[in-house]
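Worksheet for the structure shown next.
The values are calculated or read from the model by the stated rules, or taken from the named source; none is laboratory data. Being a predicted model, the structure only gives us computed values, none of them experimental. For neighbour counting, all protein chains shown are included, and Cβ atoms are generated from backbone atoms with ideal geometry for every residue, glycine included.
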Amino acid sequence: MTDHHQTISETPASASLGSRIVLGIGVLILLLIAVIGGFWLNRANSATETEDAECSAVRAKNLTELQTADQATLTTYGWNDQAKGVVRIPITKAMELALPALNAKSAPSPAASTTPQP
């Protein structure tokens, strides 16, 4: 009868050990899958980096062209809408023309003095 009790008491320990081994193997398999997935994603990104470099060069070229066109628009005379008779002038000339009108608006008028009227 004692042998029967020893067998019963050893069975749960061996079952616990077996489940730990299975759990450990499962964790190792998951880690292996994660590492392989990381390598695969890194390999996939290397092709994307080449494409990104090409797109970046195109974007830089487009930006340079846009900045050149903007600079020409800000510094030259030209037509905005020739049919309507709308022209553009250089920004510096526009500021020179607008400055006297702005100064006239901001100059204090004699009626706005701080001396009280009797």
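Yes or no: GLN6 among the polar types (S, T, N, Q) and at pLDDT 95 or above? Criteria not met by GLN6.
Being surrounded by 10 or more Cβ atoms within 10 Å (Cβ to Cβ) and either under 30 Å from ALA94 (Cβ atoms) or at pLDDT below 90 (or both) is true for just one of LEU28, LEU32, LEU63, LEU23. Which residue is that?
LEU63
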